[in-house]
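Each remark here refers to the structure printed beneath this line.
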Amino acid sequence: NKNLLKAEIITKGMTIGQLAEGIGVKESALYSRLSRSSEKPFTLELASKVSSYLALSPERAFEIFLKP
């Protein structure tokens, strides 16, 4: 759920650019994945990096990345 992820980023007081830098990916790549029109899913590796960097609980990470 891209909207939940965006909310988490804002709640943590970050920008998408700061998150991208923190997890070692290009800002444009992260923006692309977060765009409403993007069909490209988050990889397990990227979801894990984001979850760790944002200190998401396992339940919240599941809700954002895996829940249908």
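Distance in nm between label sites at LYS6 and SER32, each 7 Å beyond Cα in the beta-carbon direction?
1.9 nm
To one decimal place, what Kirkwood hydrodynamic radius in Å is obtained for the chain from all pairs of distinct Cα atoms?
11.9 Å
Treating only the Cβ atoms of Lys and Arg (+1) and Asp and Glu (-1) as charged, compute the dipole magnitude of the chain about its Cα centre; round to the nearest 20 debye.
140 debye
Please give the length that would be gained between GLU63 and LEU44 if that part of the chain were fully extended, namely 0.36 nm times their separation in residues minus their C-alpha to C-alpha distance (nm, one decimal).
My answer for the length gained is 5.5 nm.
If you roll a 1.4 Å probe over segment 1-53 with all protein chains in place, what percent of the accessible area is carbon or sulfur?
With neighbouring chains kept in place, the figure for segment 1-53 is 53 percent.
Per residue, what accessible area does the chain have, given a 1.4 Å probe and all protein chains present, in Å²?
The answer is 67 Å² per residue.
The values are calculated or read from the model by the stated rules, or taken from the named source; none is laboratory data. The model shown is predicted, which means the values in this text are computed figures rather than measured ones. Here the Cβ is made from the backbone with ideal geometry for all residues, glycine too, and neighbour counts use every protein chain on show. Side chains included, ligands, DNA and RNA excluded: accessible areas come from the protein's heavy atoms. Shrake-Rupley method; radii C 1.70, N 1.55, O 1.52, S 1.80 Å.
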